[in-house]
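Enquirer: Quick one: the structure is below, and I'll ask about it shortly.
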Amino acid sequence: MTSPDLPTELKAALDGKLRGFSRSDAAGRAAAISKNYREGGGSTTIRSETDALAYALARMPATYAAVTASLNALVENRPDFAPKTVLDVGAGPGTATWAAAEAFPSLRDFKLLDANAALRALALDLARNSTRLRDIGYQLGEARAALAKADTADLVVASYMIGEIGDAEQRALAELLWQKTHDTLLVVEPGTPAGYARIIALRAHLIALGAHVAAPCPHDSQCPLQAPDWCHFTQRLQRSRAHKQVKGAELPYEDEKFSYVALTRAAVERRPSRVLAQPAVGKVEITAKLCTPEGLSFTHVPRRAKAEYASARRWRWGDAVS
(Lines give C-alpha, C1' and ligand atoms only; values in the text may rest on other atoms or scores of the structure.)
Protein backbone atom coordinates (compact mmCIF):
# COMPACT_ATOMS: atom_id res chain seq x y z
CA MET A 1 0.00 0.00 0.00
CA THR A 2 1.20 3.51 -0.84
CA SER A 3 2.06 5.80 2.09
CA PRO A 4 -0.36 8.68 2.77
CA ASP A 5 2.58 11.07 3.23
CA LEU A 6 3.72 13.28 0.36
CA PRO A 7 6.45 11.62 -1.75
CA THR A 8 10.05 12.75 -1.30
CA GLU A 9 10.27 14.56 -4.65
CA LEU A 10 7.14 16.56 -3.94
CA LYS A 11 8.27 17.47 -0.41
CA ALA A 12 11.59 18.68 -1.79
CA ALA A 13 9.86 20.77 -4.45
CA LEU A 14 7.55 22.36 -1.88
CA ASP A 15 10.45 23.05 0.49
CA GLY A 16 12.26 24.79 -2.33
CA LYS A 17 9.26 27.05 -2.94
CA LEU A 18 9.10 27.93 0.77
CA ARG A 19 12.43 29.69 0.93
CA GLY A 20 11.76 33.33 1.71
CA PHE A 21 8.03 32.66 2.00
CA SER A 22 6.19 34.28 4.93
CA ARG A 23 4.38 31.61 6.94
CA SER A 24 2.15 34.18 8.65
CA ASP A 25 1.11 35.60 5.28
CA ALA A 26 0.50 32.07 4.01
CA ALA A 27 -1.68 31.28 7.04
CA GLY A 28 -3.86 34.34 6.41
CA ARG A 29 -4.22 33.54 2.72
CA ALA A 30 -4.94 29.86 3.42
CA ALA A 31 -7.67 30.79 5.92
CA ALA A 32 -9.35 33.08 3.39
CA ILE A 33 -9.15 30.44 0.67
CA SER A 34 -10.58 27.76 2.99
CA LYS A 35 -13.45 30.04 4.00
CA ASN A 36 -14.26 30.64 0.34
CA TYR A 37 -14.24 26.89 -0.36
CA ARG A 38 -16.61 26.23 2.56
CA GLU A 39 -18.97 28.86 1.17
CA GLY A 40 -18.96 27.22 -2.26
CA GLY A 41 -16.64 29.71 -3.98
CA GLY A 42 -14.12 27.12 -5.21
CA SER A 43 -10.69 28.25 -6.31
CA THR A 44 -11.72 31.73 -7.46
CA THR A 45 -9.73 33.45 -4.69
CA ILE A 46 -6.47 31.75 -5.80
CA ARG A 47 -5.07 34.36 -8.18
CA SER A 48 -1.34 34.59 -7.52
CA GLU A 49 1.69 32.37 -7.00
CA THR A 50 1.55 33.15 -3.28
CA ASP A 51 -2.14 32.21 -3.10
CA ALA A 52 -1.44 28.94 -4.89
CA LEU A 53 1.45 28.03 -2.61
CA ALA A 54 -0.56 28.88 0.52
CA TYR A 55 -3.37 26.63 -0.74
CA ALA A 56 -0.92 23.81 -1.52
CA LEU A 57 0.65 23.99 1.94
CA ALA A 58 -2.75 23.94 3.64
CA ARG A 59 -4.60 21.37 1.52
CA MET A 60 -2.17 19.32 -0.58
CA PRO A 61 -1.11 16.90 2.20
CA ALA A 62 -4.70 16.03 3.19
CA THR A 63 -5.94 15.77 -0.40
CA TYR A 64 -2.98 13.56 -1.30
CA ALA A 65 -3.68 11.31 1.70
CA ALA A 66 -7.37 10.91 0.81
CA VAL A 67 -6.69 10.16 -2.87
CA THR A 68 -3.95 7.71 -1.91
CA ALA A 69 -6.25 5.88 0.52
CA SER A 70 -8.87 5.61 -2.24
CA LEU A 71 -6.29 4.31 -4.74
CA ASN A 72 -5.02 1.80 -2.17
CA ALA A 73 -8.55 0.41 -1.84
CA LEU A 74 -8.83 0.20 -5.62
CA VAL A 75 -5.47 -1.59 -5.94
CA GLU A 76 -6.42 -4.03 -3.17
CA ASN A 77 -9.55 -5.06 -5.07
CA ARG A 78 -7.91 -4.90 -8.51
CA PRO A 79 -4.25 -5.92 -8.08
CA ASP A 80 -3.98 -6.57 -11.83
CA PHE A 81 -4.92 -3.00 -12.82
CA ALA A 82 -1.91 -1.38 -14.51
CA PRO A 83 -3.00 1.85 -16.23
CA LYS A 84 -0.67 3.54 -18.66
CA THR A 85 -2.56 6.85 -19.00
CA VAL A 86 -4.19 9.11 -16.40
CA LEU A 87 -6.44 12.15 -16.76
CA ASP A 88 -6.62 14.40 -13.67
CA VAL A 89 -9.73 16.61 -13.92
CA GLY A 90 -9.84 19.73 -11.74
CA ALA A 91 -6.18 18.97 -11.06
CA GLY A 92 -5.28 22.08 -9.06
CA PRO A 93 -1.60 21.80 -8.03
CA GLY A 94 -1.48 18.23 -9.38
CA THR A 95 -2.10 16.40 -6.10
CA ALA A 96 -4.04 13.44 -7.53
CA THR A 97 -1.49 13.04 -10.33
CA TRP A 98 1.31 12.64 -7.78
CA ALA A 99 -0.81 10.10 -5.87
CA ALA A 100 -1.59 8.11 -9.03
CA ALA A 101 2.09 8.09 -10.02
CA GLU A 102 3.00 6.60 -6.64
CA ALA A 103 0.21 4.01 -6.76
CA PHE A 104 0.82 2.87 -10.35
CA PRO A 105 4.42 2.47 -11.60
CA SER A 106 2.84 1.49 -14.95
CA LEU A 107 1.69 5.07 -15.68
CA ARG A 108 3.53 6.71 -18.56
CA ASP A 109 1.27 9.52 -19.75
CA PHE A 110 -0.08 12.22 -17.41
CA LYS A 111 -2.72 14.74 -18.50
CA LEU A 112 -4.18 17.41 -16.19
CA LEU A 113 -7.09 19.86 -16.59
CA ASP A 114 -8.00 22.92 -14.52
CA ALA A 115 -9.29 26.46 -15.03
CA ASN A 116 -6.99 28.12 -12.48
CA ALA A 117 -3.81 29.56 -14.03
CA ALA A 118 -2.01 30.07 -10.70
CA LEU A 119 -2.54 26.44 -9.64
CA ARG A 120 -1.47 25.23 -13.09
CA ALA A 121 1.76 27.24 -12.86
CA LEU A 122 2.48 25.79 -9.41
CA ALA A 123 1.77 22.23 -10.59
CA LEU A 124 4.19 22.57 -13.49
CA ASP A 125 6.84 24.08 -11.22
CA LEU A 126 6.49 21.30 -8.62
CA ALA A 127 6.81 18.63 -11.32
CA ARG A 128 9.71 20.29 -13.14
CA ASN A 129 12.47 18.18 -11.55
CA SER A 130 10.44 15.01 -11.04
CA THR A 131 11.77 11.82 -12.62
CA ARG A 132 8.34 10.78 -13.97
CA LEU A 133 6.22 13.94 -13.97
CA ARG A 134 8.48 16.51 -15.63
CA ASP A 135 6.67 16.05 -18.96
CA ILE A 136 3.06 16.25 -17.74
CA GLY A 137 0.56 17.90 -20.05
CA TYR A 138 -1.58 20.50 -18.31
CA GLN A 139 -4.53 22.00 -20.20
CA LEU A 140 -5.92 25.29 -18.88
CA GLY A 141 -9.69 25.59 -19.20
CA GLU A 142 -13.14 25.17 -17.67
CA ALA A 143 -13.73 21.56 -16.65
CA ARG A 144 -16.48 20.52 -19.06
CA ALA A 145 -15.08 22.39 -22.08
CA ALA A 146 -11.54 21.09 -21.55
CA LEU A 147 -12.77 17.59 -20.74
CA ALA A 148 -14.81 17.44 -23.94
CA LYS A 149 -11.61 17.93 -25.96
CA ALA A 150 -9.48 15.50 -23.93
CA ASP A 151 -8.50 12.00 -25.01
CA THR A 152 -9.73 9.01 -23.07
CA ALA A 153 -7.47 7.61 -20.33
CA ASP A 154 -7.13 4.27 -18.56
CA LEU A 155 -7.59 6.07 -15.24
CA VAL A 156 -9.62 9.26 -14.81
CA VAL A 157 -9.51 11.06 -11.45
CA ALA A 158 -11.72 13.89 -10.21
CA SER A 159 -10.77 14.82 -6.65
CA TYR A 160 -12.42 17.54 -4.57
CA MET A 161 -13.83 19.26 -7.65
CA ILE A 162 -17.44 18.18 -8.24
CA GLY A 163 -18.57 20.42 -5.38
CA GLU A 164 -17.32 23.42 -7.39
CA ILE A 165 -19.79 22.59 -10.17
CA GLY A 166 -23.42 23.69 -9.97
CA ASP A 167 -25.99 21.02 -9.13
CA ALA A 168 -27.55 21.24 -12.58
CA GLU A 169 -24.17 20.57 -14.26
CA GLN A 170 -23.01 17.69 -12.08
CA ARG A 171 -24.99 15.05 -13.97
CA ALA A 172 -23.61 16.19 -17.34
CA LEU A 173 -20.08 16.30 -15.91
CA ALA A 174 -20.47 12.75 -14.55
CA GLU A 175 -21.43 11.48 -18.00
CA LEU A 176 -18.50 13.30 -19.60
CA LEU A 177 -16.06 11.89 -17.04
CA TRP A 178 -17.36 8.42 -17.83
CA GLN A 179 -17.08 8.97 -21.58
CA LYS A 180 -13.39 9.78 -21.11
CA THR A 181 -12.80 6.70 -18.94
CA HIS A 182 -11.27 3.80 -20.83
CA ASP A 183 -11.14 1.59 -17.73
CA THR A 184 -11.53 3.18 -14.27
CA LEU A 185 -12.93 6.43 -12.86
CA LEU A 186 -12.09 7.58 -9.33
CA VAL A 187 -14.07 10.40 -7.73
CA VAL A 188 -13.11 11.74 -4.29
CA GLU A 189 -15.06 14.34 -2.30
CA PRO A 190 -14.98 15.73 1.25
CA GLY A 191 -16.33 13.28 3.83
CA THR A 192 -19.35 15.41 4.64
CA PRO A 193 -23.03 14.57 4.08
CA ALA A 194 -22.98 16.93 1.08
CA GLY A 195 -19.82 15.32 -0.35
CA TYR A 196 -21.32 11.86 0.12
CA ALA A 197 -24.54 12.97 -1.57
CA ARG A 198 -22.58 14.06 -4.64
CA ILE A 199 -20.71 10.74 -4.72
CA ILE A 200 -23.85 8.64 -4.33
CA ALA A 201 -25.71 10.57 -7.05
CA LEU A 202 -22.82 10.14 -9.49
CA ARG A 203 -22.49 6.47 -8.53
CA ALA A 204 -26.17 5.73 -9.18
CA HIS A 205 -26.21 7.62 -12.48
CA LEU A 206 -23.12 5.90 -13.88
CA ILE A 207 -24.18 2.42 -12.72
CA ALA A 208 -27.35 3.01 -14.74
CA LEU A 209 -25.06 3.68 -17.72
CA GLY A 210 -23.22 0.38 -17.25
CA ALA A 211 -20.51 1.13 -14.67
CA HIS A 212 -19.49 -1.28 -11.90
CA VAL A 213 -18.17 -0.36 -8.45
CA ALA A 214 -14.60 -1.44 -7.72
CA ALA A 215 -14.38 0.27 -4.29
CA PRO A 216 -15.41 0.96 -1.60
CA CYS A 217 -18.80 -0.75 -2.07
CA PRO A 218 -18.92 -4.58 -2.31
CA HIS A 219 -21.94 -4.36 -4.65
CA ASP A 220 -23.56 -2.27 -7.38
CA SER A 221 -26.85 -2.01 -5.48
CA GLN A 222 -28.30 1.10 -3.83
CA CYS A 223 -26.36 2.34 -0.81
CA PRO A 224 -27.94 0.74 2.29
CA LEU A 225 -27.21 3.69 4.60
CA GLN A 226 -30.09 5.93 5.62
CA ALA A 227 -29.89 9.60 6.63
CA PRO A 228 -28.58 11.02 8.89
CA ASP A 229 -25.89 8.35 8.38
CA TRP A 230 -23.52 8.66 5.43
CA CYS A 231 -20.58 6.71 3.99
CA HIS A 232 -17.20 8.31 4.59
CA PHE A 233 -13.72 7.33 5.69
CA THR A 234 -10.76 8.90 7.44
CA GLN A 235 -7.03 8.98 6.76
CA ARG A 236 -4.47 10.14 9.31
CA LEU A 237 -1.44 12.05 8.01
CA GLN A 238 1.55 13.63 9.71
CA ARG A 239 1.85 17.42 9.62
CA SER A 240 5.15 19.06 8.76
CA ARG A 241 6.26 22.17 10.64
CA ALA A 242 5.20 24.36 7.71
CA HIS A 243 1.85 22.59 7.50
CA LYS A 244 1.16 23.24 11.19
CA GLN A 245 2.14 26.90 10.86
CA VAL A 246 -0.09 27.50 7.85
CA LYS A 247 -3.03 25.66 9.44
CA GLY A 248 -2.49 27.33 12.82
CA ALA A 249 -2.49 23.82 14.32
CA GLU A 250 -0.73 22.30 17.30
CA LEU A 251 -1.34 18.58 16.78
CA PRO A 252 1.40 16.76 14.81
CA TYR A 253 -1.22 14.95 12.74
CA GLU A 254 -4.45 15.57 10.83
CA ASP A 255 -7.39 13.26 10.15
CA GLU A 256 -8.84 13.87 6.70
CA LYS A 257 -12.42 12.67 6.19
CA PHE A 258 -13.42 11.81 2.63
CA SER A 259 -15.98 9.97 0.51
CA TYR A 260 -15.10 8.25 -2.75
CA VAL A 261 -16.12 5.79 -5.42
CA ALA A 262 -14.07 3.90 -8.01
CA LEU A 263 -16.07 2.77 -11.04
CA THR A 264 -14.93 0.38 -13.76
CA ARG A 265 -16.05 -0.73 -17.21
CA ALA A 266 -15.89 -4.44 -16.32
CA ALA A 267 -17.34 -6.14 -13.26
CA VAL A 268 -14.80 -6.69 -10.47
CA GLU A 269 -14.42 -10.25 -9.17
CA ARG A 270 -13.04 -9.44 -5.73
CA ARG A 271 -15.26 -7.09 -3.72
CA PRO A 272 -14.99 -7.89 0.00
CA SER A 273 -17.06 -6.28 2.73
CA ARG A 274 -16.01 -2.82 3.94
CA VAL A 275 -15.66 -1.55 7.54
CA LEU A 276 -17.79 1.62 7.76
CA ALA A 277 -16.71 2.86 11.20
CA GLN A 278 -14.02 2.11 13.75
CA PRO A 279 -15.05 -1.23 15.38
CA ALA A 280 -15.99 -1.21 19.07
CA VAL A 281 -13.71 -3.56 21.02
CA GLY A 282 -15.32 -4.84 24.22
CA LYS A 283 -14.45 -7.44 26.84
CA VAL A 284 -16.97 -9.90 25.46
CA GLU A 285 -17.03 -9.15 21.74
CA ILE A 286 -16.06 -6.85 18.89
CA THR A 287 -18.89 -5.05 17.12
CA ALA A 288 -18.23 -3.89 13.57
CA LYS A 289 -20.42 -1.97 11.13
CA LEU A 290 -19.90 -3.52 7.70
CA CYS A 291 -21.15 -2.93 4.19
CA THR A 292 -21.48 -6.44 2.72
CA PRO A 293 -22.55 -7.79 -0.68
CA GLU A 294 -25.96 -8.38 0.93
CA GLY A 295 -26.23 -4.92 2.52
CA LEU A 296 -25.56 -3.29 5.90
CA SER A 297 -24.50 -5.58 8.74
CA PHE A 298 -23.59 -5.07 12.40
CA THR A 299 -21.26 -7.99 12.92
CA HIS A 300 -20.50 -9.34 16.42
CA VAL A 301 -17.31 -11.36 16.88
CA PRO A 302 -17.25 -13.08 20.31
CA ARG A 303 -14.02 -13.31 22.28
CA ARG A 304 -14.42 -17.07 22.59
CA ALA A 305 -13.92 -17.36 18.81
CA LYS A 306 -10.20 -16.76 19.29
CA ALA A 307 -8.99 -16.77 15.69
CA GLU A 308 -11.87 -14.62 14.39
CA TYR A 309 -11.57 -12.26 17.38
CA ALA A 310 -7.83 -11.80 16.81
CA SER A 311 -8.48 -11.02 13.15
CA ALA A 312 -11.30 -8.56 13.94
CA ARG A 313 -9.06 -6.70 16.42
CA ARG A 314 -6.95 -5.66 13.45
CA TRP A 315 -9.91 -4.20 11.51
CA ARG A 316 -9.78 -0.47 10.94
CA TRP A 317 -12.28 1.98 9.54
CA GLY A 318 -12.22 1.70 5.73
CA ASP A 319 -10.63 -1.77 5.60
CA ALA A 320 -11.79 -4.45 3.18
CA VAL A 321 -12.53 -7.64 5.17
CA SER A 322 -13.54 -11.20 4.31
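The values are calculated or read from the model by the stated rules, or taken from the named source; none is laboratory data. This structure is a prediction, so every number in the text was calculated from the model and none was measured. Because the Cβ atoms are built from the backbone with ideal geometry, glycine has one as well, and the counts that use them run over all protein chains shown. Surface accessibility is based on the protein's heavy atoms, side chains included, excluding ligands, DNA and RNA. Shrake-Rupley method; radii C 1.70, N 1.55, O 1.52, S 1.80 Å.
Enquirer: Does region 140-168 hold any residues that are more than 21 Å from the chain's Cα centre (by Cα) and part of a strand (DSSP E or B), and which are they?
Expert: Residue satisfying the conditions is 140 alone.
Enquirer: Among all residue pairs at least 6 apart or on different chains, which show Cβ distances below 9 Å where the first residue, located in region 280-291, is of a type in the set (S, T, N, Q) and the second is in a loop (DSSP other than H, G, I, E, B)?
Expert: Every condition considered, the pairs that remain are 287/279.
Let's see how each residue does on (1) in contact with a helix residue (DSSP H, G or I) (Cβ under 7 Å, 6 or more places away or on another chain); (2) without any contact (Cβ under 8 Å) to a residue 60 or more places away in the chain; (3) polar (S, T, N, Q); (4) closer than 21 Å to residue 1 by Cβ:
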{"position": "58", "(1), (2), (3), (4)": "yes, no, no, no"}
{"position": "66", "(1), (2), (3), (4)": "no, no, no, yes"}
{"position": "82", "(1), (2), (3), (4)": "no, yes, no, yes"}
{"position": "86", "(1), (2), (3), (4)": "yes, no, no, yes"}
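Enquirer: Could you list, in sequence order, all residues of region 265-322 that are outside any loop (DSSP other than H, G, I, E, B), basic (Lys, Arg) and buried (at least 19 other Cβ atoms within 10 Å of the Cβ)?
Expert: Initially, region 265-322 is screened for residues outside any loop (DSSP other than H, G, I, E, B), giving 273-275, 280-281, 285-292, 295-302, 306-312, 320-321.
Cutting the leftovers down to basic (Lys, Arg) gives us 274, 289, 306.
274 - this is the single residue of region 265-322 that is outside any loop (DSSP other than H, G, I, E, B), basic (Lys, Arg) and buried (at least 19 other Cβ atoms within 10 Å of the Cβ).
Enquirer: Determine if region 54-61 includes at least one residue that is aromatic (Phe, Trp, Tyr), open to solvent by 10 Å² or more (accessible area, probe 1.4 Å) and closer than 23 Å to residue 25 by Cα.
Expert: Start the filter on region 54-61 by keeping residues that are aromatic (Phe, Trp, Tyr), which leaves 55.
Now drop any that are not open to solvent by 10 Å² or more (accessible area, probe 1.4 Å), which leaves 55.
Now restrict to residues that are closer than 23 Å to residue 25 by Cα: 55.
Within region 54-61, one or more residues are aromatic (Phe, Trp, Tyr), open to solvent by 10 Å² or more (accessible area, probe 1.4 Å) and closer than 23 Å to residue 25 by Cα.
Enquirer: Under the condition of being of a type outside the set (D, E, K, R) and free of Cβ contacts under 8 Å to residues at least 40 places away in the same chain, which residue from region 102-114 is farthest from residue 9 (Cα to Cα)? Before the answer, list the steps.
Expert: Here is the first cut: in region 102-114, the ones of a type outside the set (D, E, K, R) are 103-107, 110, 112-113.
Cutting the leftovers down to free of Cβ contacts under 8 Å to residues at least 40 places away in the same chain gives us 105-106, 110, 112-113.
Working: 105: 15, 106: 18, 110: 17, 112: 19, 113: 22 Å.
Here the answer is 113.
Enquirer: For residue 213, state whether it is open to solvent by less than 20 Å² (accessible area, probe 1.4 Å), closer than 23 Å to residue 319 by Cα and more than 14 Å from the chain's Cα centre (by Cα). Spell out how you get there, then give the answer.
Expert: Numbers: open to solvent by less than 20 Å² (accessible area, probe 1.4 Å): yes; closer than 23 Å to residue 319 by Cα: yes; more than 14 Å from the chain's Cα centre (by Cα): yes.
For residue 213, the condition - open to solvent by less than 20 Å² (accessible area, probe 1.4 Å), closer than 23 Å to residue 319 by Cα and more than 14 Å from the chain's Cα centre (by Cα) - is met.
Enquirer: To continue, here is another question. Could you go through region 180-191 and let me know if any residue there is touching a Cys at 6+ places or on another chain (Cβ under 8 Å) and open to solvent by less than 40 Å² (accessible area, probe 1.4 Å).
Expert: Filtering region 180-191 for residues touching a Cys at 6+ places or on another chain (Cβ under 8 Å) gives none.
So far as region 180-191 goes, no, none of its residues is touching a Cys at 6+ places or on another chain (Cβ under 8 Å) and open to solvent by less than 40 Å² (accessible area, probe 1.4 Å).
Enquirer: May I ask you to list the residues in region 186-212 that are more than 16 Å from residue 222 (Cβ to Cβ) and either without any contact (Cβ under 8 Å) to a residue 24 or more places away in the chain or hydroxyl-bearing (Ser, Thr, Tyr) (or both)?
Expert: Within region 186-212, 192 is the sole residue that qualifies.
Enquirer: Let me ask something additional. Considering only residues of region 69-89 that are among the polar types (S, T, N, Q) and touching a Leu at 6+ places or on another chain (Cβ under 9 Å), which is most open to solvent (accessible area, probe 1.4 Å)? Break it down stepwise before answering.
Expert: So in region 69-89, the residues among the polar types (S, T, N, Q) come out as 70, 72, 77, 85.
Next cut, touching a Leu at 6+ places or on another chain (Cβ under 9 Å) only: 70, 85.
Working: 70: 0, 85: 38 Å².
So the residue we want is 85.
Enquirer: Another question, if that's okay. Any idea which of (1) over 24 Å from residue 179 (Cβ atoms); (2) open to solvent by 20 Å² or more (accessible area, probe 1.4 Å) is the one residue 106 doesn't satisfy?
Expert: Condition not satisfied by residue 106: (1).
Enquirer: Further question on the same structure: Answer yes or no as to whether residue 191 is at positive phi, of a type in the set (Gly, Ala, Ser) and at pLDDT 95 or above.
Expert: Working: at positive phi: no; of a type in the set (Gly, Ala, Ser): yes; at pLDDT 95 or above: yes.
Spelling it out, it is not the case that residue 191 is at positive phi, of a type in the set (Gly, Ala, Ser) and at pLDDT 95 or above.
Enquirer: Please go through region 5-26 and pick out each residue that is over 22 Å from residue 99 (Cα atoms), surrounded by 16 or more Cβ atoms within 10 Å (Cβ to Cβ) and at pLDDT 75 or above.
Expert: none
Enquirer: Would you mind finding the one in 297, 311, 273, 322 that is of a type in the set (Gly, Ala, Ser), touching a strand residue (DSSP E or B) at 6+ places or on another chain (Cβ under 9 Å) and without any contact (Cβ under 8 Å) to a residue 12 or more places away in the chain?
Expert: Values: 297 fails: without any contact (Cβ under 8 Å) to a residue 12 or more places away in the chain; 273 fails: without any contact (Cβ under 8 Å) to a residue 12 or more places away in the chain; 322 fails: without any contact (Cβ under 8 Å) to a residue 12 or more places away in the chain.
Only one candidate qualifies: 311.
Enquirer: When the residues of region 127-175 are narrowed to those that are small (Gly, Ala, Ser), in contact with a Lys or Arg (Cβ under 7 Å, 6 or more places away or on another chain) and touching a residue at least 60 places away in the same chain (Cβ under 8 Å), which ends up surrounded by the fewest Cβ atoms within 10 Å (Cβ to Cβ)?
Expert: Top of the filtered list is 163.
Enquirer: Testing residue 92 on (1) on the phi < 0 side of the Ramachandran plot; (2) crowded, with 19+ Cβ neighbours inside 10 Å, one condition comes back false. Which one is that?
Expert: It fails just one condition, (1).
Enquirer: Here are the criteria: (1) open to solvent by less than 10 Å² (accessible area, probe 1.4 Å); (2) touching a strand residue (DSSP E or B) at 6+ places or on another chain (Cβ under 8 Å). Tell me which single one residue 115 does not satisfy.
Expert: Evaluating residue 115 over (1) open to solvent by less than 10 Å² (accessible area, probe 1.4 Å); (2) touching a strand residue (DSSP E or B) at 6+ places or on another chain (Cβ under 8 Å) leaves (1) as the failure.
Enquirer: Taking region 250-296, which residues are small (Gly, Ala, Ser) and within 29 Å of residue 177 (Cα to Cα)?
Expert: Of everything in region 250-296, those that are small (Gly, Ala, Ser) and within 29 Å of residue 177 (Cα to Cα) turn out to be 259, 262, 266, 267, 273, 295.
Enquirer: Name the one entry in 238, 222 that is in contact (Cβ under 8 Å) with a residue 60 or more places away in the chain and open to solvent by 50 Å² or more (accessible area, probe 1.4 Å). First the steps, then the outcome.
Expert: Working: 222 fails: in contact (Cβ under 8 Å) with a residue 60 or more places away in the chain.
None of the other options fit; the residue is 238.
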